[in-house]
Every structure is written in C-alpha cells, then in structure tokens.
Amino acid sequence: MELNFIDKIGAKTQNLLNKINIFSIEDLLTYYPYRYNVIKFINIDEANETETCYVLATVLSTVKVAYIKRNFNRLSFVASNNNKTFNVTIFNRAFLKKNLTVNREVVLIGKYNHLKNTFTASDIKFNMESERIEPIYHLTEGLKNSSLETYISNALKLNVSIPDYIPDMYNEKYNLLSKSDAIRLIHQPSTITDIKKSELKLIYEELFIYMFKINYLKQLNKRATGIKKIFDINVLEEFLNNLSFRLTPDQETAIKDILHDLKSESRMNRLVLGDVGSGKTVVAIVAILANYLSGYQSAFMAPTEILAKQHYESIKNYFSSYDINIALLTGSLTKKAKEKLYNEINDGKVDIVIGTHALLNEGVTFANLGLVITDEQHRFGVNQRNLLQNKGIKKEADVLYLSATPIPRTYALTIYGDLDLSQIRTKPNTRKEIITKVVEEKNIREVLLAMLEELKKGHQIFVVSPLIEQNDELDLNSVNLLKEKLNTAFNEKVPIEILHGKLKQKEKDELMLKFQKGEIKILISTTVIEVGIDIPNASMMVIFNAERFGLATLHQLRGRVGRSDIQSYCYLVTKVTDNERLKVMESSNDGFYISEKDFEQRGQGDLFGVKQSGDMTFKIANFKRDYKILLQAKIDSENYLANALFKGNSLYENLIEKINFLD
C-alpha cells in the first residue's frame with residue numbers, strides 16, 4: 001500500500017520518508033527502532049549524576065540565550081521540582097525560548113550535578129506522558145522522532161497484512177509471536193519483555209531467510225558447471241619467480257586453491273578473506289593470468305572509482321612485460337569513450353576490464369568472459385554480483401570474491417556458507433608493524449607533537465572523528481571542530497581538508513586524489529575512508545573518540561596507514577581511562593585475532609565497521625550480537641530445505657524463483 005493512505009502523510013513527508021528508504025506502508029512498519037528510552041519521572045534529589053533522567057519541572061524565570069559563536073548558543077533558566085530550585089542549561093536550542101514561559105510545566109531530559117545545582121539538558125519536552133517506553137528511530141533532517149512515531153501509529157491502525165516468513169513448525173517450536181503482534185510491539189512496547197519477544201521473532205525471521213538463501217545457493221553452486229581452464233603452469237611459475245617479493249605460505253595456499261578450481265569442470269565460487277595488507281591482489285592477479293593463458297577475458301569489479309583506478313595501475317604494472325590488453329571502465333568516462341570500449345570488449349580486443357558498477361551496464365557484453373573478480377565483495381548485493389557473473393559464457397564464468405574483513409573461520413563458514421573459503425592470515429614481511437598507542441584526550445599535546453614530527457619528515461596523516469557536526473549532547477569531536485583545532489595547533493601552515501559521507505562521490509574522489517598526490521597533508525574524515533586505498537606516504541592515523549568504534553572498525557581504519565616500508569603509527573584518542581577494548585589494539589596488528597576478541601565481547605554494532613549493502617543488510621538482525629540465533633536459523637533452514645518442506649509455501653517458492661532467475 002502507498003504511503004498517502006496514511007493520515008498526515010503528504011507529498012513533503014513522503015519525500016522525507018523516501019530519504020530513509022521508506023516507500024510503502026510495509027517499509028514504514030518494518031522500519032524498526034534502534035533503541036528505546038524508558039521514561040520514568042523522578043524527583044531531582046534522586047538523580048544519579050552519571051545517568052540521563054527525566055524530571056517534571058516548572059519554569060521559574062525568564063529564559064536567557066547566549067550566543068557563544070556562530071551556530072553555537074546556550075539557553076538557560078531557573079526551574080523547580082519537588083520544592084527544589086535549580087539552574088537549567090541546554091545548548092543549541094535557542095528556538096525553544098518562545099515556548100519556555102514562566103510557570104509552564106516541562107519535562108527536562110539530561111543530567112543533574114548536585115554540587116553545582118545545575119541540570120544540563122539534552123532535550124526539553126512539552127506535554128509528555130510519563131511511564132512509557134519511547135522508541136527511537138534513525139531520522140533524516142526535517143523529520144522528527146515524534147512525527148515518525150505518529151505515522152507508524154496511524155499505519156498500525158490500518159491492519160496491513162505483512163507476510164510471516166517463519167514456517168509454522170518453527171513458530172510453534174520456539175513459541176514465537178505472530179508477525180502482526182511482533183510489528184505492533186516493536187513500535188509500541190509496554191514492557192521490556194514486549195521488546196525482547198518482538199525482537200526475537202523479527203531477528204530470527206531475517207536470519208532464517210538469509211540462511212535459507214545461502215543454503216539454496218550452496219546447492220546451486222554444487223550443481224553449477226564451469227569452464228575447464230587449460231593453461232601452462234610453467235608460465236605462472238615464471239611470473240611468480242620474477243616477483244620482487246616472496247609469497248607468504250597463505251598466499252601460496254590460496255593460489256593453489258584457485259588454480260585447482262580453474263582446472264575443475266565445476267564453476268569456481270571462492271572467497272579470499274585476508275587482512276588489510278595481506279596481499280590479496282597478487283593472488284587475484286595470478287588467477288587473471290591463468291584465465292588469460294586459457295584464452296578467456298577477465299572482469300575485475302571494485303566498489304569505487306578510486307579503487308578501480310588503483311587496481312588498474314597495479315595490474316598494468318604486474319603485466320608490463322606481457323602482451324595483455326587492459327582497460328579501465330568507470331562512470332566518469334565520456335559517452336564516446338564508453339561506446340568505443342564496449343565495442344572492444346564485445347569484439348574480444350580487451351583481455352582484462354577493471355571497473356566499478358559501470359561493468360554491470362547492459363551495454364557491456366563480453367566475447368568470452370571466463371573470470372569475474374569482485375573486490376570488497378560485501379559492498380555488493382547478490383543481484384549485482386550475479387549480473388556480472390551472468391555476462392560470462394553460458395553464465396559459467398568462474399567467480400572470485402576478495403574481502404579485507406578478517407573474521408573467525410567458523411563464523412565466515414556460516415555467513416558465507418555458499419562460498420569456498422581461502423584465508424590469508426600471514427602478512428608479507430616487507431611492511432613494518434604499525435605502532436599503536438592509546439592516549440587520553442587530556443594528553444593531546446603528545447599526539448600533536450608526534451603529528452608534527454611526521455609532517456616534518458614530509459609524511460601525511462589521517463585524522464578520524466565519529467561526527468560531521470559538533471553535538472554537545474554526545475560531547476564528541478566533529479570533523480569541523482577538529483579542523484579548527486588542528487589549524488590553530490599548526491598555525492594554519494599545513495594543508496588540511498575534510499572528507500565525510502555527505503559529500504558527493506565525485507567530491508570524495510577528488511579529495512582522495514589530492515591526498516594521493518600529496519597536496520593535502522592532513523585529511524580529517526569520518527569512517528568513509530575507502531577500504532583498500534593506498535596512500536604509501538601516509539604514516540599516521542589519529543582516531544578521536546576511539547571508544548565509540550568497534551574493534552573491527554578501528555582495525556580497518558588503522559589499515560589505511562602502513563602501506564609502504566615507512567614506520568607508521570596509530571593513535572587512539574579517548575576520554576575513557578583504562579579501556580580494555582582499546583588495549584587489544586595496542587597489543588596486536590593481527591586482524592583475525594582482533595576480530596575474535598571483538599566477537600568475544602559481543603558488543604552491539606556492525607561487524608564490518610560500515611553499513612553494508614545488498615544481502616548483508618538487515619533491518620534488525622546483527623550477525624555478531626545474534627550469533628546464537630544465526631546458528632539456529634542455519635540448522636533450521638538447512639532442515640527446511642533438505643527435506644523440501646518449503647514446497648507449497650508460496651513465500652519460499654517465490655524466493656527460489658528469484659534466485660534461479662539471477663543464477
């Protein structure tokens with residue numbers, strides 16, 4: 001059903017909802033809260049200074065607003081609760097002044113300092129009901145949490161039927177809620193138990209569907225025929241012997257696995273999982289050479305233009321003494337250049353095509369595509385990966401996926417169960433270990449002096465912050481504030497630029513290109529720094545508010561430096577003393593060890609560090625947090641598939657139809 005069926009949703013609101021991928025009533029109802037506020041009013045005397053509390057208070061004085069600097073103001077007034085008078089301060093809420101009239105009752109949300117008799121509010125609400133659980137949603141500019149709550153409440157009244165994918169046998173086995181009850185309670189819980197029951201239902205459903213698809217794909221892959229490749233192993237050995245470095249044992253094993261797959265009559269469907277800097281690219285290059293010697297074309301797809309260009313230059317360099325025609329296909333090529341390249345690919349004049357999503361364009365047809373390589377494979381959905389694979393001869397092209405997300409083997413075999421797995425744990429000994437240090441923010445001078453030393457050597461620095469704009473509620477460093485501080489620290493003599501997710505891709509690419517060329521000395525960024533980007537001259541990574549990031553994310557960010565033989569450093573700046581999690585980073589550079597530690601700790605958060613796309617996106621499930629549910633869903637879906645219990649279930653027959661169509 002369309003969104004305009006819901007009361008109070010007009011064209012303007014629809015546009016706002018579209019920005020957060022809500023296009024239908026079903027999308028709206030399955031847009032789940034990411035956390036909850038348990039609202040319970042307390043007396044000011046009972047407030048715990050370390051915890052956010054809700055206090056029903058009366059405004060006693062006229063409100064004052066002080067403008068500290070541009071885009072930064074402080075609003076203050078005197079209030080009372082339970083016959084106690086105290087001061088209230090809130091930042092960047094000058095617009096509330098007209099509503100905060102003397103004798104008006106308001107709800108203050110924030111923390112109270114007993115010694116200073118000051119309540120620092122993070123928000124002020126009017127006409128709020130007490131004793132309720134408030135769902136909190138991810139929003140976009142112009143959309144309020146309370147408004148989204150209202151739209152969802154109005155949608156629930158329509159009693160829209162949303163299909164329940166969990167087979168009856170498992171609903172009964174685990175005593176799960178009905179889908180309609182789970183949807184209602186996830187948005188309008190009365191108790192914590194309501195939240196837990198609805199989450200269990202919805203998480204299990206998402207993971208059951210995912211594992212069913214994975215297990216079905218596994219069946220298809222076992223049956224899939226491929227193109228048996230015939231090549232001269234001596235040419236490959238000569239290529240490897242002429243490399244300027246020795247392969248690690250894990251690289252040799254991965255190459256052996258791949259060559260065995262290529263020679264097989266079954267289609268290769270292999271994932272090479274390696275830590276940052278472990279040398280996955282050279283493994284892929286050996287596969288490309290074997291495929292070329294067999295007389296077939298190769299396609300290499302990277303998630304961004306800058307990564308595609310990097311691979312293009314690297315592969316050209318490796319094959320400089322071979323008569324191999326290599327082309328780069330990206331979205332920024334002119335229409336004329338694209339058409340010329342399309343014709344050359346179709347005529348078989350191009351042996352290797354490296355590109356971005358542009359490779360998926362309908363106009364790209366291959367003469368004899370025999371190998372498809374996808375870099376950072378979790379960045380692409382199943383649909384995108386299969387579209388490229390299907391451009392091969394009889395849809396039988398061998399497929400190789402590369403990923404720089406090191407995760408425990410048992411875990412990888414579960415979530416990538418449809419793929420054969422090669423892991424590269426050992427790293428080339430040509431690179432020095434990155435020296436990592438945890439520093440409390442009060443000792444920032446130590447970090448600034450270390451940065452100055454690297455700048456004097458002509459090296460470059462990455463600086464990472466979790467925020468784009470300053471947020472006083474969270475008290476975190478924003479990229480904009482960091483730029484101000486660093487410009488002051490270095491007397492505005494160092495070229496500093498900012499990179500963040502709100503920039504257009506073209507702007508991001510231009511900034512990264514300038515950084516690659518050395519025109520920018522310090523690049524301040526959120527976590528959007530591209531995985532795999534090589535800036536050999538970057539020798540330092542400084543991460544502010546490091547306690548806010550998961551270990552997997554910190555390790556990925558650290559991997560942006562140490563890409564050459566220059567000694568590199570990573571500083572984790574934090575306000576938290578004795579953080580055991582961060583000490584793991586100090587003690588090891590091994591991504592697999594770190595991922596295991598991250599996994600043990602089971603913190604909420606995205607295992608892959610950044611929000612992924614395609615088949616790796618869930619609305620409510622979380623691979624790491626919900627691992628036990630994932631394992632049970634794996635067992636149950638295997639049973640459901642193996643015993644053909646899905647037959648007669650139209651939901652699963654449609655799922656299979658879609659997968660068959662893609663395959």
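The numbers here are math on the coordinates, done by the rules we state, and not lab data. Quick caveat: nothing in here was measured; it's all calculated off a predicted structure. Quick reminder, even Gly has a Cβ in these numbers, built from the backbone with ideal geometry, and neighbours come from all protein chains shown.
Here's the list of lysines a cross-link from Lys395 could span, going by alpha-carbon distance under 21 Å and ignoring same-chain residues fewer than 8 apart: Lys213, Lys218, Lys222, Lys228, Lys229, Lys263, Lys349, Lys658. Each label was represented as a point 7 Å from its Cα along the Cα-to-Cβ direction; for Tyr67 and Lys619 these points are 4.5 nm apart. Across the stretch 41-130, the mean sequence separation of Cα contacts (distance under 8 Å, 6 or more residues apart), normalised by length, yields a relative contact order of 30 percent. When Val372, Val272, Val160 are arranged by Cβ crowding within 10 Å, least crowded first, meaning fewest neighbours, the order is Val160, Val372, Val272. Quick check on my link table: of Lys427/Lys514; Lys432/Lys506; Lys483/Lys624; Lys309/Lys338; Lys69/Lys456; Lys116/Lys442, which ones sit more than 25 Å apart, alpha carbon to alpha carbon? Going by Cα-Cα distance, Lys427/Lys514; Lys432/Lys506; Lys483/Lys624; Lys69/Lys456 fall outside the 25 Å limit.
Excluding residues fewer than 8 places away in the same chain, name every one of the aspartates and glutamates whose C-alpha is closer than 17 Å to that of Lys111. Candidates past the 8-residue exclusion: Asp45, Glu46, Glu49, Glu51, Asp123, Asp472, Glu473, Asp475. Under the simplified labelling scheme, the Ile39-Asn443 pair shows an inter-label distance of 4.4 nm, with each label point 7 Å from Cα along Cα→Cβ. Using a cutoff of 8 angstrom between alpha carbon atoms and counting only pairs six or more residues apart, the relative contact order for the chain works out to 12 percent. For the pair Leu243 and Lys349, what calculated FRET efficiency results from E = 1/(1 + (r/R0)^6), where r is the Cβ-Cβ distance and R0 = 22 Å, to the nearest 0.05? So the FRET efficiency works out to roughly 0.20. When Lys and Arg each count +1 and Asp and Glu each count -1, what net charge do the other residues less than 11 Å away from Gly295, Cβ to Cβ, add up to? That works out to 0.
Counting 0.36 nm for each residue step from Asn429 to Phe5 and taking away their Cα separation leaves a gain of 146.4 nm.
Could you tell me the calculated FRET efficiency between Ser321 and Ala367, based on Cβ-Cβ distance and R0 = 22 angstrom, to the nearest 0.05? Efficiency computed from Cβ-Cβ geometry: 0.35. Across the stretch 224-424, the mean sequence separation of Cα contacts (distance under 8 Å, 6 or more residues apart), normalised by length, yields a relative contact order of 31 percent.
Legend: ranking of residues Ile424, Ile233, Ile195 from fewest to most surrounding C-beta atoms inside 10 Å; resulting order Ile233, Ile195, Ile424. Summing charges over neighbours of Ile203, with a neighbour being any other residue whose Cβ is under 12 Å away from its Cβ, gives +2 when K and R count +1 and D and E count -1. A straight Cα-to-Cα reach below 19 Å connects Lys157 with the lysines Lys8, Lys179, residues fewer than 8 places away in its own chain not being considered. The stretch 577-599 and the stretch 118-146 have Cα centres separated by 35 Å.
The magnitude of the dipole of the stretch 1-121, with charges of +1 and -1 set on the Cβ of Lys/Arg and Asp/Glu and taken from the Cα centre, is near 780 debye.
When the helices of the chain are scored as -39500 (n - 2.57) per DSSP H run of n ≥ 4 and the total is divided over every residue, the value at 222 nm lands at -11500 deg cm²/dmol. Each of Ile25, Asn215, Val542 was scored by the projection of its Cα onto the charge dipole of the chain, and the greatest displacement toward the positive side belongs to Val542; charges sit on the C-beta of Lys, Arg, Asp and Glu. With neighbour counts taken as other beta-carbon atoms within 10 Å, the residues Phe208, Phe646, Phe544 rank, fewest first, as Phe646, Phe208, Phe544. Positive end of the dipole of the chain (Cβ unit charges, origin at the Cα centre): among Leu108, Val464, Gly348, the Cα lying farthest that way belongs to Leu108.
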